[in-house]
There are 2 protein chains.
Amino acid sequence: MTPGVETTTGPLGQGISTAVGMAIAEAHLGARFNRPGHMVIDHFTYVLASDGDLMEGVCAEACSLAGHLGLGKLIVLFDSNRISLAGSTELCFTEDVEKRFEAYGWHTLRVPDGNDPASVDIALISAEEETERPSLLLIETHIGFGSPGKQGSFKAHGSPLGTEEVTATKKRLGWPETAAFSVPEDVRDHFREALGRGKDLESQWQQSFYRYTRSHPELAEEFRRVMSGNLPQNWDHAFAEFIPEKKPQSTRKTSEIVLQLLAQRVPELMGGSADLNPSTLTWIKEGGDFQNPSSHHKAIQGAVGGPWGYEGRNIHFGVREHAMAAISSGMAHHGGIIPYASTFLMFSDYMRPSIRLACLSGLHVIYVFTHDSIGVGEDGPTHQPIEQVMSLRTIPNLTVIRPCDAAETAQAWNVALTHTRGPTALILTRQDVPPISREPYAPASLLEKGGYILWESSSVVPDAILISTGSEVHAVLEAGRALSKKGHAIRVVSLPSWELFEKQSSEYREQVLPSQVKVRVAVEAGITLGWERYVGLHGAVVGMKGFGSSAPAQLLFEQFGITREHVVSSALALLNKKKST
Amino acid sequence: MTPGVETTTGPLGQGISTAVGMAIAEAHLGARFNRPGHMVIDHFTYVLASDGDLMEGVCAEACSLAGHLGLGKLIVLFDSNRISLAGSTELCFTEDVEKRFEAYGWHTLRVPDGNDPASVDIALISAEEETERPSLLLIETHIGFGSPGKQGSFKAHGSPLGTEEVTATKKRLGWPETAAFSVPEDVRDHFREALGRGKDLESQWQQSFYRYTRSHPELAEEFRRVMSGNLPQNWDHAFAEFIPEKKPQSTRKTSEIVLQLLAQRVPELMGGSADLNPSTLTWIKEGGDFQNPSSHHKAIQGAVGGPWGYEGRNIHFGVREHAMAAISSGMAHHGGIIPYASTFLMFSDYMRPSIRLACLSGLHVIYVFTHDSIGVGEDGPTHQPIEQVMSLRTIPNLTVIRPCDAAETAQAWNVALTHTRGPTALILTRQDVPPISREPYAPASLLEKGGYILWESSSVVPDAILISTGSEVHAVLEAGRALSKKGHAIRVVSLPSWELFEKQSSEYREQVLPSQVKVRVAVEAGITLGWERYVGLHGAVVGMKGFGSSAPAQLLFEQFGITREHVVSSALALLNKKKST
């Protein structure tokens, strides 16, 4: 074995898919940092996987991609005991797993007895020697091994064996029957040896890294930096270089521009989309394609350009949203990389299990979700997110940001790069939105507070507050001006991120949304559920009540009443009601 | 070809997975209704699938299961043009698809030229002749066929060819260049013939069905009934037969009992779990195992019992939540079956894309989600749903019901059976909950209104309303009594289904939750976001602020403050605040 081993496991196919991300990280960092005679990053990624893992779709997606990429240092130990929680795999899982993995381009091996360490060891050596393909070791085992009554039974899956059966098992295995915990001497000795072996390997690596520091001081410094998770000096000058367009632009397009500037200064930024680069615009131009270096690469359509191989920073995930999310988590777990993953907001649904685990694990992953509303237009309701923004907001520790214009989009990327203790989801438009002239309005830097007073018609306590996010902010600003002309004191609040806003002091939140102002209208081209948090029982929410439809975007906004006129009439209805009570 | 052909397609692997459900429905109904010489249900299910579909995990799950089940009448035409939206499949998808499907146990065929109808036809005949295994026809095609500039290019995927290129294409194909739409005569003739062929086939089927009606009148009547979607006479006597336990019982256990009673009276009820029968308790005992009839079935662990074959009503989906949901949609699309699908609530995340499509399509599917909160206990935060109930509520046209006791659970199943224009999700506990003695409390039949006054301390306008769902209702009732002893007029509202409640008249809703009562506390062991809909800006929500933890359930409820004491103190704080203002 080699130092720097990564191990992982996890529920329902997540572990194996996350491991593919770790192996990608290792391959990429190796290509970036290793030099002849100086292998600073060179480790295997081992996975313990179960029958259940191999049934999951996310595992299928990730393993197909791993085969395509030729991740030779990925080794999966498939604990094939042919038993899952509910019974024998003969009920539901009789495919030829080895053949499937061969079809993916994997190296496969079968170990007929998982209780024979020597044969497992031989198989591991063979897997480690195979450098061109990932390896699957199908290791036949017995669940509840040694238990006279439950070996090979699904009763040993979800429940403890029970006192009697534990005693019987110990007896059968020739273990002391009384001790609740006992570690056989040879096992203890073996693990104790590992302490020394580990120390030796670490010290070898330290010596090797010292030599690397001498021969490649700048690379060594950079390696230390990326592994520490610190951003490079002056990385945020990228934002100074960014000049927002004066004409309308989709926020996905702005994001593309900002990403190019950031990618130049933040080399650890790396990612891609689930087969949507031309739509989500999440390529790093000339950043290279992350691909098996020994694969053919002449004139391949859709290649981003730049180097072709593990040094490439653009990952082509294929139409595999779920694996993309799990792989991104794996890259973040590994360290040395800030991964981003992109698809249409609609298809974030496919990614939820992995997004949630990233939130639970506090991983620095950036999701770029474009085509964020009925603004998608003709593709129709299967492609129009309605409930996605709100349902992403329900996931603990996920920072969701839906910027309203170019300036807020740049700020959103700033948060995404600096918020390291959990993932950030950027929610971007397909359609153009006008830039907001920041002279009469508040600066977009206030996005870091999650919500802020974008504009108000006067400095008195407002008669009504209009709250909005993303592309709807523009109609709301127009509505605010129209209401102001009718003599009402109006405040417009841009609320791109609920999570950031709720982290602010209660004083700040009270300043933006004073309790005394009961007339409140929230506007978002998504489900209305949830907005009562800011408008209360007696406010109004202008949003979607059901699924979208197929038509040009502008027509849809009109048909579903997400318009300046509807915002004005909703606010007037509340203002009149207030007057009459 | 055979009459009664089903065809389907859909985005991102959904179509192919849904088709597996259609083929399951056909196989099951065939086993149920066909008799020697009388094939009333006997059709192929054809799928048009793309490279993108085959990359999706849900497709992998469904196709592995289809192979296991030996669904010989399922035929997938894989339109292999090696181009997806973002470029060539050489970027990400180089696996051997035929070999993969052979590993699943499929019959595969390759058609080298998809523009040669004769060879497609021959392949289809061969697929139709193969009765033991599903068939995959890998048909090589060219995207943008005939376009001089865009054939074989990903530019022909997401965007129209454009006027010039359309003209050039017509020229190249020898078509009239001026007509915007034109159908060649031989094509028109061919399709017109289909009218007659279809009529003939339908008339043959009608004749055959007439003969069936004569020889098997009861079966014919039953076939008509299940295909019409009407429930059998007296089906709801099942509820009269149901006697709730007097001792505490988990709602999943109650659900199991109710399901057995319903299954006896509603033979079209059919489903299963994603490898969780012993936990979700969603088997139909002695209802048979839906399996390939020619497969071995001696002493297989986890088999439910009863017949083994396509007549079985228990589907063993394996650890494949996403495919389970898509397959259930396919069965509902087909008709003749009321499908249910079960897993832990946590893993509903895996199913969201298919749940959403079921909602959009208005399908009668029943999801049974158990282990619905931190009540899961020691399995810890990866298995404890926090945001799932609320995020399911965000999906349009999904009826979510979280019953609080045995009586509400039975009523929830009643709704699930009778609400046919969209899916219903039943949210059930792992842990025991006490039965609510319905004498002093309102009857559980009010569940059909979504929310109702469960109890109040007096008939005056309440000082405070406590609102809750599921297992938390019991702590809330205790809190209500405690507050009442302190001299407050308290109302407890059970709100198991927001969607049903919101369908009621505004008068009814006002009666349950009078506007004038501002002191409101909502209690649910899930994320608090969303509950402001019922408690407003100034109410309190007792719920979860972040992820759960691993510990015994009771300890978790205490640690996270979802207790009677916390409900009492939250209500008192609001009551005192009100007094002081």
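The table that follows gives values for the structure above.
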| read-out | value |
| --- | --- |
| Environment charge at residue B:291 (Cβ cut-off 13 Å; Lys +1, Arg +1, Asp -1, Glu -1) | -1 |
| Fraction of antiparallel bridges per DSSP, the range B:14-191 only, in percent to nearest 5 | 15 |
| For residue A:226, net neighbour charge (Lys/Arg +1, Asp/Glu -1) across residues whose Cβ lies under 12 Å away | 0 |
| Heavy-atom accessible area per residue - the range A:14-191, 1.4 Å, Å² | 41 |
| Pairwise burial A:B, computed as accessible area of each alone minus the pair, summed, 1.4 Å, Å² | 7600 |
| If the convex hull is drawn through the Cα atoms of the range A:237-427, its volume per residue in Å³ | 118 |
| Å² per residue, accessible surface of the range A:450-580 at 1.4 Å | 39 |
| Rg over Rh [alpha-carbon atoms, Kirkwood Rh] for the range A:200-267 | 1.24 |
| Normalised per residue, the volume of the convex hull around the Cα set of the range B:14-191 (Å³) | 140 |
| Acute angle (nearest 10 degrees) that the helix A:217-228 long axis makes with the longest principal axis of chain A, alpha-carbon atoms | 80 |
| Estimated translational D of the protein assembly as shown in µm²/s (Stokes, Kirkwood radius over Cα pairs; 20 °C; 1.002 mPa s) | 68 |
| Solvent exposure, largest accessible area first (probe 1.4 Å, DNA, RNA and ligands not counted), of B:43, A:157 | A:157, B:43 |
| Amide proton proximity set for residue B:74, modelled H, under 5 Å, gap of 5+ | B:45, B:135 |
| List of the range B:267-286 residues, accessible area with partners at least 30 Å² below that of the chain alone (1.4 Å probe) | B:275, B:278 |
| Using distinct alpha-carbon pairs, which all enter the 1/r mean, Kirkwood radius of chain A in Å | 26.4 |
| Local electrostatic count, residue A:566, Cβ distance below 14 Å [Lys/Arg +1, Asp/Glu -1] | -3 |
| Residue B:96 accessible area, 1.4 Å probe, all protein chains in place, Å² to nearest 10 | 70 |
| Accessible surface, per residue, of the range A:237-427 when the full set of protein chains is kept, probe 1.4 Å, Å² | 24 |
| Reduction of at least 30 Å² in accessible surface, 1.4 Å probe, comparing all protein chains with the chain by itself, residues of the range A:13-59 | A:55, A:56, A:57 |
| Burial of 50 Å² or greater, the range B:78-100 residues [accessible area, probe 1.4 Å, versus chain by itself] | B:85, B:86, B:90, B:91, B:92, B:95, B:99 |
| Solvent-accessible area, 1.4 Å probe, carbon plus sulfur percent, for the protein assembly as shown | 53 |
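The values are calculated or read from the model by the stated rules, or taken from the named source; none is laboratory data. These numbers come from a predicted model, not from an experiment. For neighbour counting, all protein chains shown are included, and Cβ atoms are generated from backbone atoms with ideal geometry for every residue, glycine included. Accessible surface areas use protein heavy atoms only, side chains included; no ligands, DNA or RNA. Shrake-Rupley method; radii C 1.70, N 1.55, O 1.52, S 1.80 Å.
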